[in-house]
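Peer 1: Sharing a structure below in structure tokens format, with a few things to ask.
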């Protein structure tokens with residue numbers, strides 16, 4: 001997994017809340033037994049009009065957002081099913097960061113991201129950033145003022161710098177364990193292999209004990 005330290009690129013807005021995994025990657029694309037080729041399926045139904053042609057109104061189809069690596073969305077992104085394919089589609093479409101707000105509705109906290117989506121993201125090198133709603137509004141406003149705006153996301157410093165009419169910096173919080181895994185590029189397999197010596201020692205000891213048992 002590619003370590004995440006600092007990324008600089010275009011920010012694309014997707015001003016929608018409760019984007020579920022079936023909208024991120026429709027179910028007909030889950031049949032593949034490979035873990036590649038999902039980038040083209042990202043928001044497949046939203047990208048196209050009824051006749052199958054690309055919808056020029058959809059942000060990811062617009063020229064000034066071409067090659068965007070940072071996406072800003074609304075709350076509860078990645079809700080729905082637990083399919084890891086949703087994260088694969090986001091990553092394989094070239095995104096390194098997704099930013100979303102926490103929201104309080106009728107006294108209840110609505111999360112920025114569904115828990116399983118956020119968990120799957122860190123395993124695939126995708127940084128999910130949770131911000132107060134006012135800060136996310138600020139990013140949407142900056143993109144409206146400067147379409148094609150770029151930003152720099154520094155995980156070490158935990159900052160987002162918006163390069164609009166003037167530079168603006170927003171600080172974000174992140175769980176220390178997730179931050180460490182992203183900085184070092186560690187997925188579940190790599191984390192397990194960090195303990196390879198202990199695992200080998202345990203297995204050798206266990207095998208010796210089994211051989212010593214009477215038949």
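Peer 1: In the stretch 103-119, what residues are surrounded by fewer than 23 Cβ atoms within 10 Å (Cβ to Cβ) and in contact with a helix residue (DSSP H, G or I) (Cβ under 7 Å, 6 or more places away or on another chain)?
Peer 2: If the condition is that a residue be surrounded by fewer than 23 Cβ atoms within 10 Å (Cβ to Cβ) and in contact with a helix residue (DSSP H, G or I) (Cβ under 7 Å, 6 or more places away or on another chain), then 103 is the only one that fits.
Peer 1: Sort out which residues of the stretch 131-154 are surrounded by fewer than 21 Cβ atoms within 10 Å (Cβ to Cβ) and closer than 14 Å to residue 174 by Cβ, and write them in order of number.
Peer 2: 154
Peer 1: Report yes if some residue within the stretch 186-201 is part of a helix (DSSP H, G or I) and either at pLDDT 85 or above or farther than 27 Å from residue 1 by Cβ (or both); otherwise report no.
Peer 2: The answer is no; no qualifying residue exists.
Peer 1: Using the structure shown, decide if residue 154 is modelled with pLDDT of 90 or more and farther than 25 Å from residue 76 by Cβ.
Peer 2: So residue 154 fits the description; yes.
Peer 1: Considering only the stretch 166-182, I want to know if a residue exists there that is touching a strand residue (DSSP E or B) at 6+ places or on another chain (Cβ under 8 Å), surrounded by 21 or more Cβ atoms within 10 Å (Cβ to Cβ) and in contact (Cβ under 8 Å) with a residue 12 or more places away in the chain.
Peer 2: Within the stretch 166-182, one or more residues are touching a strand residue (DSSP E or B) at 6+ places or on another chain (Cβ under 8 Å), surrounded by 21 or more Cβ atoms within 10 Å (Cβ to Cβ) and in contact (Cβ under 8 Å) with a residue 12 or more places away in the chain.
The values are calculated or read from the model by the stated rules, or taken from the named source; none is laboratory data. In this text the structure is predicted, and so the values were computed from the model without any measurement. In this analysis, Cβ positions are derived from the backbone assuming ideal geometry, glycine residues included, and neighbour counts consider all displayed protein chains.
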